[in-house]
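Please read the structure below before turning to the comments.
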Amino acid sequence: MTASPRSLSPRRARITTALASVTLLLSGGIMPVANGYATARPAIRAPFGDRLAADSALGAVFAAVRPRVALRVQIESDLYRRKLDGSGGSCGSNCVALERALTDAVRVLFDTRYRFAEWSSGGAPTQDTVSITLMQRSTDASAVKMVVALQGRARQFGAAPEEVEFEQFLFVALRPATDWTPDRMRVVWADSLARRLDTFGPRILANVIGRLPLTGVVVLDPTRPSADVRLPADSLRAADAPAPKFLVRLAMPSTTTSGDIVSDTGELVLAPCRRTNRGFYACEMSVFRWRDRSGSDTLFRQKARDARVTTASVHLQEYTPLSSSLGAGGLAAPRNP
């Protein structure tokens, strides 16, 4: 099992906990790229085709990929606040206690479903936060919504909040007054949250959770429509089938018709992928999106000839965790080592 960042030596830990750096190997050799959020790496020169030499030089550096992420559950529904504390203006004592209890429950739910991240319960500061907000919109008087969003640094990687229906007002009104206690509602709502995460899992992963930046090396081959994604499968805690689908964000400066240089961002989807005997992934280039254009690897290679790729980050679009069994309400989640 690949070591976690906290079990590494101090020198390796400083390098491997940088969360958003990807090295692009192009025809001129290996080019380390830092995007401002990561520790810069020393240059490693090797022929493009010498993948074994690259593995030897970089294998120890990129031993761990899992970002450390904080969680926060917020109750911003006046209806819920009135039921819990008698006032809808602010989150009272019962509301705050329920937020904390639900945050602990969601941490278990996330650790089972999104095992590629370390869901922090405190301690060292984190750069990224996932928030789950139960809220009402004045334009919709029929239901409370659940909004899953990224906070902090990860918002800069193209994440879009996902909003789904959490509970109809009718069921809120019919719930007995004796049920409106933090202990009781923690059980009821944790079960509801688990069901929403399962029902809307692909959307939530692709647009929110999967946009958390991973640490790793992506080798883009300019001569063929393929890529090596050097993220250890064991560190991702990913199932072999179906294998993950990756998204690589590329900063690609472009020259306008007036001669000005502008910053552009391209997104390259890598799928299908397979785990190699070295524990990494070999993937095909699937879809490349740039500005209002979308196409296959051919469009990417055409664009890459015209613009120097200078930064990158790697994310997950689809992910299946190593199998684990759930207990009642989806809350009990035995952890594989």
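For Arg249, the stated conditions do not hold, so it cannot be described as closer than 20 Å to Thr320 by Cα and either surrounded by fewer than 22 Cβ atoms within 10 Å (Cβ to Cβ) or under 20 Å from the mean Cα position of the chain (by Cα) (or both). For Met135, the conditions (1) under 20 Å from Leu84 (Cβ atoms); (2) of a type outside the set (Val, Ile, Thr); (3) part of a helix (DSSP H, G or I) all hold with the exception of (3).
Flag: Leu270 matches the condition of being in contact with a Cys (Cβ under 6 Å, 6 or more places away or on another chain) and either charged (D, E, K, R) or within 28 Å of Ala304 (Cβ to Cβ) (or both). Within segment 257-292, the set of residues being touching a Ser or Thr at 6+ places or on another chain (Cβ under 7 Å) and either charged (D, E, K, R) or part of a loop (DSSP other than H, G, I, E, B) (or both) comprises Asp264, Glu284. A Cβ distance below 6 Å, combined with a sequence gap of six or more or placement on separate chains, defines the contacts here; from segment 289-308, residues that are of a type in the set (Phe, Trp, Tyr) reach residues that are in a helix (DSSP H, G or I) in the pairs Trp290/Lys303. Filtered by the rule that a residue be surrounded by fewer than 19 Cβ atoms within 10 Å (Cβ to Cβ), in contact with a helix residue (DSSP H, G or I) (Cβ under 8 Å, 6 or more places away or on another chain) and either in a helix (DSSP H, G or I) or not assigned by TED's automatic domain parsing to the domain that holds Ala190 (or both), segment 95-123 gives Ala97, Ala101. Restrict the check to segment 210-217 and report whether at least one residue is without any contact (Cβ under 8 Å) to a residue 40 or more places away in the chain, among the polar types (S, T, N, Q) and over 14 Å from Tyr319 (Cβ atoms). Among the residues of segment 210-217, not one is without any contact (Cβ under 8 Å) to a residue 40 or more places away in the chain, among the polar types (S, T, N, Q) and over 14 Å from Tyr319 (Cβ atoms), which makes the answer no.
Return yes when Arg186 is in contact with a helix residue (DSSP H, G or I) (Cβ under 6 Å, 6 or more places away or on another chain) and either in a helix (DSSP H, G or I) or charged (D, E, K, R) (or both) and no when it is not.
Spelling it out, Arg186 is indeed in contact with a helix residue (DSSP H, G or I) (Cβ under 6 Å, 6 or more places away or on another chain) and either in a helix (DSSP H, G or I) or charged (D, E, K, R) (or both).
Ala194 satisfies every condition listed in (1) more than 18 Å from Leu79 (Cα to Cα); (2) small (Gly, Ala, Ser); (3) out of contact with any helix residue (DSSP H, G or I) (no Cβ under 7 Å at 6 or more places or on another chain) except (3).
Yes/no per residue for (1) among the aromatic types (Phe, Trp, Tyr); (2) touching a strand residue (DSSP E or B) at 6+ places or on another chain (Cβ under 7 Å):
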residue: Tyr80; (1), (2): yes, yes
residue: Ser93; (1), (2): no, no
residue: Glu99; (1), (2): no, yes
residue: Ala105; (1), (2): no, no
residue: Glu118; (1), (2): no, yes
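Within segment 95-108, the presence of at least one residue that is under 15 Å from the mean Cα position of the chain (by Cα) and within 30 Å of Glu318 (Cβ to Cβ) is confirmed. If we scan segment 251-269, do we find a residue that is out of contact with any helix residue (DSSP H, G or I) (no Cβ under 8 Å at 6 or more places or on another chain), among the aliphatic types (A, V, I, L, M) and touching a residue at least 40 places away in the same chain (Cβ under 8 Å)? Yes: one or more hits.
The values are calculated or read from the model by the stated rules, or taken from the named source; none is laboratory data. Computed from a predicted model, the values in this text were never measured in an experiment. Don't worry about glycine lacking a Cβ; one is built from the backbone with ideal geometry, like all the others, and counts go over all protein chains shown.
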